[in-house]
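Presented below is the structure to which this report refers.
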Amino acid sequence: MRERRVAVIGTGYVGLTTGACLAAVGHRVVCADADHRKVERLGRAEVDILEPGLPELVRDGLDSGRLTFVGDSRAAVGEADVVFLCLPTPMGVGGAADLAAVEAVADEVRSALRRSAVVVNKSTVPVGTTERVAALLGRPDIAVVSNPEFLREGHAVQDFLHPDRVVVGAADQEAGQRVAELYAELDAPVVLTDPASAELTKYAANFFLAMKLSFANNLATLCERFDADIHDVVTGIGHDPRIGRAFLDPGPGWGGSCLPKDTHALLTVCEESGVDFPLLRATIDTNVEHQRRLVERVVAGCSPGNGSLRGVRLALLGLTFKAGTSDLRDSPALAIARLLKERGADLYAYDPALSESPPDLSDLLTITDSPERAADGARACVVLTEWPHFRELDWEAMAGLLEAPVVYDFRNLLDPLRLDRAALSWEGIGRSYAMAG
Ligand code: UDX
């Protein structure tokens, strides 16, 4: 693999992972960020992002001299063969990407880019954005290429260094090849295509994952209706390699900073381009309906009558969108909490990743510093994030604190036998206690 000089603009979750990993595979990387305090901290290998392995890669890159951090994008791109744009591209009006951050950087670096440089769009952006960035850049001598990331939070380093595939979308084949070669060490299949196909591949991947999750959650409800066991059903279908077992675990719905944003952005693109995609609308609607259905189960079990939870205190275990992260963005746990609050419940929540209450949650719930404090005086307990240590709680002590001996386990995380020994009734998703025990 030929060592390349790489610039990465933006050191967020995608940019920092990209820069540190490209340095780790042998390239010379300069990362730039407008936040000078952040640049200073990164220069000391102080990484704020909760990503296993990332701090070590940053430290190694600094020590080897392959990775440096600067505050000035122009300085970063000056020597670069390849420039990655890892900038926020939030969904703007009507679903198009808001390219304000990209435009600002394009203006800043336009005259500093080397003639032979290639600019790479790493962020998830609507189809057609690569062309828009090329137009913003206004450098006909410089190719702009799409290279979407497929990183899961909590697994970003693993997913970058062991990708299922590398997707590169380029109108200029030589530029596309040059970007693909950056990943040669990773020995992953490369899909070299046009920009629109690469951009759409990213949306299609996240849509399919969301669809698979909505399928699993809907199937879980059907299992409850027929007293079947979702665990055995998804295991049974998952052995078929055309289906695959992953992403079939029922939960409180899917969330996070990507799947909701990307499915809604794709739906907007479909509506605007006059392409009917009922499966996409159904995937989104199923997620909302599934959360409503779970809340109705809690109401049915805890309401003193008239379908209200007024005066009912509930203990929530887990608020982040999935275990292993501190990210609350579009968390399904918060969606369930809001629906419970609408029904009048008083919510006390514990999440190991949250030491104090985020300001915008203070009207919704009270954060406690232990599961026991959340359970003390609560009518029932609701598990919403699959933190492994919830399995090992002192469930006898929890039973003594709860008014009604009921645990709604909306992640099918807990051991029903363990709860049964503590005289607690386990209420899972798509399976009954008898099956799970
Ligand atoms: C996702 C995609 O997986 C990743 O490829 C893409 O690059 C970015 O978006 P991430 O946002 O980190 O990654 O979340 P993911 O791990 O996919 O989980 C999404 C949601 O689905 C979470 O709320 C999670 O709890 C839920 N989930 C996941 C389930 O409910 N059941 C499962 O079996 C898997």
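Rule-based calculations on the coordinates, nothing more; no lab input. If you're wondering where the values come from, they're calculated on a predicted model, not measured in any experiment. Heads up, the Cβs are rebuilt from the backbone with ideal geometry, glycines too, and the neighbour counts pull from every protein chain shown.
Give me the dipole magnitude in Debye, nearest 20, for the range 5-193 about the Cα centre, with unit charges on the beta carbon: positive for Lys and Arg, negative for Asp and Glu.
340
In Å and on Cα atoms, what radius of gyration and Dmax does the chain show?
That works out to 23.9, 72 Å for Rg and Dmax.
In whole Hz and in residue order, list the ³J(HN,Hα) couplings for the range 110-122 that follow from phi through the Karplus curve 6.51 cos²θ - 1.76 cosθ + 1.60, θ = phi - 60°; x for Gly and Pro.
Couplings: 2, 7, 9, 5, 5, 4, 8, 5, 10, 9, 10, 8, 9 Hz.
Once the dipole of the chain is set up with Lys and Arg at +1 and Asp and Glu at -1 on Cβ about the Cα centre, which of A399, V167, I237 lies farthest towards its positive end?
V167
Please give the helix 54-64 orientation as an angle from the longest Cα principal axis of the chain, in degrees from 0 to 90, rounded to the nearest 10.
Its long axis makes an angle of about 30 degrees.
If you line up the long axis of helix 195-226 against the longest principal axis of the chain, both from Cα atoms, how many degrees apart are they, to the nearest 10?
10
Residue separation times 0.36 nm, minus the C-alpha to C-alpha distance between D48 and H36: what's the value?
Full extension of this stretch gives 2.9 nm more.
What ranking, highest mean first, results for peptides 265-278, 206-219 when packing means the other Cβ atoms within 10 Å averaged over each residue?
By packing density, highest mean first, the sequence is 206-219, 265-278.
Using the beta-carbon distance between H155 and R110 and R0 = 35 Å, what value does 1/(1 + (r/R0)^6) give for FRET efficiency, to the nearest 0.05?
My answer for the efficiency is 0.50.
Given R₀ = 51 Å, what would the calculated FRET efficiency be for A300 paired with A135, taking r from the Cβ atoms and rounding to 0.05?
0.35
So for the range 325-437, averaging the separation of alpha carbon pairs under 8 Å that are six or more residues apart and normalising by length, what relative contact order in percent results?
Relative contact order, the range 325-437: 19 percent.
Listing T68, T263 from the residue with the fewest other Cβ atoms within 10 Å to the one with the most, what is the order?
T68, T263
Hey, fewest Cβ within 10 Å first, where do D360, D327, D107, D409 land in order?
Ascending Cβ contact count within 10 Å gives the list D360, D107, D327, D409.
By the gyration tensor of its Cα atoms, with a ≥ b ≥ c the square roots of the eigenvalues, what is the shape of the range 5-193: rounded for a/c under 1.5, prolate for a/b over b/c, or oblate?
Here the range 5-193 falls in the rounded category.
State to the nearest 20 debye the size of the charge dipole of the range 218-298 about its Cα centre, where the only charges are +1 on K and R beta carbons and -1 on D and E beta carbons.
Value, rounded to 20: 120 debye.
Would you mind classifying the range 89-192 by shape? Square roots of the alpha carbon gyration tensor eigenvalues, ordered a ≥ b ≥ c; an a/c under 1.5 is rounded, otherwise it is prolate if a/b is larger than b/c and oblate if not.
Here the range 89-192 falls in the oblate category.
If r is the Cβ-Cβ distance from E3 to A204 and R0 is 35 Å, what FRET efficiency results, to the nearest 0.05?
0.55
Which value, in Å to one decimal place, does the Kirkwood hydrodynamic radius take for the range 310-385 when every pair of different Cα atoms is included?
The answer is 12.0 Å.
What is the gain in length, in nm to one decimal, between R418 and D187 on full extension, counting 0.36 nm per residue of separation less the C-alpha to C-alpha distance?
Between R418 and D187, full extension yields an extra 78.7 nm.
Under a point-charge model restricted to the Cβ atoms of Lys and Arg (+1) and Asp and Glu (-1), what is the dipole moment magnitude of the range 309-403 relative to its Cα centre, in debye to the nearest 20?
With Lys and Arg at +1 and Asp and Glu at -1, about 380 debye.
What is the local net charge at A375, summed over the other residues whose Cβ is closer than 11 Å to its Cβ (Lys, Arg +1; Asp, Glu -1)?
Overall, the nearby charge balance is -1.
Rank the residues I237, I9, I230 as a footprinting-exposure proxy: fewest other Cβ atoms within 10 Å of their Cβ go first.
In order of increasing Cβ crowding within 10 Å: I237, I230, I9.
What number, in percent, do you get for the relative contact order of the chain if the mean sequence gap of Cα pairs under 8 Å and at least 6 apart is divided by its residue count?
11
For helix 259-272, what angle does its Cα long axis make with the longest principal axis of the chain, in degrees from 0 to 90 and rounded to 10?
70
For the range 1-52, what is one quarter of the convex hull surface built on the Cα atoms, given in nm²?
It is 3.6 nm².
Got a sec? Which residues in the range 180-200 would a label at D164 touch, if it sits 7 Å along Cα→Cβ and we count backbone N under 19 Å?
It comes to 186-193, 197-200, nothing else.
Considering only the other residues whose Cβ falls under 14 Å of the Cβ of G305, what net charge follows from Lys and Arg at +1 and Asp and Glu at -1?
+3
Starting from the Kirkwood radius over alpha-carbon pairs of the range 196-437, derive D by Stokes-Einstein at 20 °C in a medium of 1.002 mPa s and give it in µm² s⁻¹.
The Stokes-Einstein estimate is 115 µm²/s.
Non-local amide H neighbours of V191 (under 5 Å, H modeled in plane, Pro and chain starts lacking H): which ones?
V166, V167, V168
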